[in-house]
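The values are calculated or read from the model by the stated rules, or taken from the named source; none is laboratory data. Just so you know, these numbers come straight off a predicted model, no measurement behind them. Cβ: placed from backbone, ideal geometry, glycine included. Neighbour counts: every protein chain shown. Accessible surface areas use protein heavy atoms only, side chains included; no ligands, DNA or RNA. Shrake-Rupley method; radii C 1.70, N 1.55, O 1.52, S 1.80 Å.
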Amino acid sequence: MTKFYNAIIEQFPNGKPIKGDGIKILFPKSWIQARVSNTEPIVRIISEDPNPKEANNLIKTVMKVCEIM
């Protein structure tokens, strides 16, 4: 999982990563969190931004990392 979380961090060089319950990347007005489930074969991705399109773009970036891992 560390390799996965590090790959996400690399996609957001201008963000502030916080490791804990998955990985959360903070930006001035938004954030993205990715967490591998311990009970299901899924990755939960949550994003928040004042602009819904930007929140979606953050999610799409993390989804691309999921596809290549």
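When the chain is fully extended, how far beyond the present Cα-Cα distance does Asn56 get from Gln11, taking 0.36 nm per residue of separation? Mind dumping the intermediate values first?
Numbers: separation 45, 0.36 × 45 = 16.20 nm, distance 1.48 nm.
Between Asn56 and Gln11, full extension yields 14.7 nm more.
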Query raised in the report: Just Ile32, Ile59, Ile18 to compare: in a GNM of the chain, with alpha carbon springs under 10 Å, which one fluctuates most?
Result: Ile18
Report summary line: Output for the chain: trypsin sites (Lys or Arg not before Pro) sitting in coil per DSSP, at most 11 other Cβ within 10 Å, listed by number, reads Lys29
Report summary line: Residue-ordered couplings for region 34-39, obtained by feeding phi - 60° into the Karplus form 6.51 cos²θ - 1.76 cosθ + 1.60 and rounding to whole Hz (Gly and Pro as x), are 10, 9, 7, 6, 8, 10
**Report entry** Selection from Cys66, Ile25, Ser37, by position along the positive dipole direction of the chain (Cβ)
**Finding:** Ile25
Report task. For Met63 paired with Thr39, estimate the spin-label separation in nm (one decimal), with each label point 7 Å from Cα along the Cα-to-Cβ line. Result -> 2.5 nm
Query - On Cα atoms only, tilt of 52-68 relative to the major axis of the chain in degrees - result: 30 degrees
Query - 1.4 Å probe accessible area per residue over region 14-69, in Å² - result: 71 Å²
Query raised in the report: Regarding the chain, what is the average projected area of its C-alpha convex hull, in nm²?
Result: 4.4 nm²
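Report in % the part of the accessible area of the chain that belongs to carbon and sulfur, leaving out ligands and nucleic acids; probe 1.4 Å. Present the calculation step by step, with values, prior to reporting the outcome.
Details: 2580 of 4880 Å².
Answer for the chain is 53 percent, counting heavy atoms of protein chains only.
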Query raised in the report: Count of lysine pairs in the chain with Cα atoms under 22 Å apart, counting only pairs 8 or more residues apart in sequence or on different chains?
Result: 19
